[in-house]
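Trainee: Below you'll find the structure I mean.
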Amino acid sequence: MATEQQKQQHQLRLTNMALVGITAGVWQTLGDSAFALSGPMGNQILDMMEKEMGLEVAGESPQAVVSEIARIFVDEFGFASDIQVEAQGDEKLRLKVCDCANRAFTDKLMEAGVEKPFICPIMNACQAALRRMGYRMREDVVKWVEGKGSIITFESI
C-alpha cells in the first residue's frame, strides 16, 4: 500500500495527465483560438493575487504591474528563479522566465501537439491585468532553451 506522500504524488501525476489531455484536446480542436480560453484562467489568478497577495493594478503603469506579477510568481510561488521584464513604452512588453517550474509540463504539452502553451499562468495573469488596465495586447509564448523557461511577449494591437 502506498504511503501518504506516494498517494499525493500519484494524485498530482493524475491531475497533470488529465490537464495535458484536456489541453491537447482543446488545442487540436481550436488551434490558436484556444487563447480565447486564457482569459478566465488569468482572471482567476489575478483575483487571487489581488485578494491574497496585495497586488494593485489600478493607477500603475503596465510595466510596473507586470513586474509585480512576475515578482509574485518568483517570490511567493517559486514558479521561476527570475522573470526579467523588458518594456518598449506601453506598446510592447517581454518577459524572460528563467528556470520555469512548469518547463517539464510544458514540454509534455508540446509532445502532445500543443504548439503554444495557452494555459501558461504567468502569461494569463499578466494578460488579465493588462486587459483590466484597458490595454489590448496580443500575447505570444515561446520556449527559451538557454533560460530553461519561456519568453512571453505582449504587443499592442
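Trainee: At 222 nm, what helix-only mean residue ellipticity would the chain give, in deg cm²/dmol to the nearest 500, using -39500 (n - 2.57) for each DSSP H run of four or more?
Mentor: Computed mean residue ellipticity for the chain: -16500 deg cm²/dmol.
Trainee: Still on this model: Relative to the Cα centre, what is the charge dipole magnitude of the stretch 1-144, using +1 at the beta carbon of each Lys and Arg, -1 at the beta carbon of each Asp and Glu, and rounding to the nearest 20 debye?
Mentor: I would put it at about 400 debye.
Trainee: Restricting to lysines 8 or more places apart or on different chains, can you count the pairs in the chain with Cα atoms under 23 Å from each other?
Mentor: Eligible lysine pairs with Cα atoms under 23 Å apart amount to 13.
Trainee: A further question on this structure: Residue by residue through the stretch 94-104, which ³J(HN,Hα) values in whole Hz follow from phi under the Karplus form 6.51 cos²θ - 1.76 cosθ + 1.60 (θ = phi - 60°), with glycine and proline marked x?
Mentor: Going residue by residue, I get 10, 10, 10, 8, 9, 6, 5, 5, 8, 4, 5 Hz, with x marking Gly and Pro.
Trainee: Taking one equal scatterer on every alpha-carbon of the stretch 1-87, how large is log10 of I(q)/I(0) by Debye at q = 0.15, 0.16, 0.19, 0.26 1/Å?
Mentor: -0.85, -0.92, -1.07, -1.16
Trainee: Right, another one. Run the numbers on the chain and let me know its relative contact order in percent, using alpha-carbon pairs under 8 Å that are six or more apart.
Mentor: That works out to 26 percent.
Trainee: Sticking with this one: Above 20 angstrom, tally the Cα pairs of the chain and express them as a % of all pairs, no decimals.
Mentor: That fraction is 51 percent.
Trainee: Additional query: First select every other residue whose beta carbon is under 13 angstrom from the beta carbon of Ala64; then total the charges, Lys and Arg +1, Asp and Glu -1.
Mentor: Values: positive: Arg71; negative: Glu56, Glu60, Glu68, Asp90.
Computed value for this residue: -3.
Trainee: Under 1.5 on a/c is rounded, so check that first for the stretch 75-157, then, if it is not, pick prolate when a/b is larger than b/c and oblate when it is not; a ≥ b ≥ c are the square roots of the alpha carbon gyration tensor eigenvalues.
Mentor: In terms of gyration-tensor shape, prolate.
Each value in this text was obtained by applying a stated rule to the coordinates, not by laboratory testing. Everything numeric in this text was worked out from a predicted model, so none of it was measured. Virtual Cβ from ideal backbone geometry, glycine too; neighbours counted across all protein chains shown.
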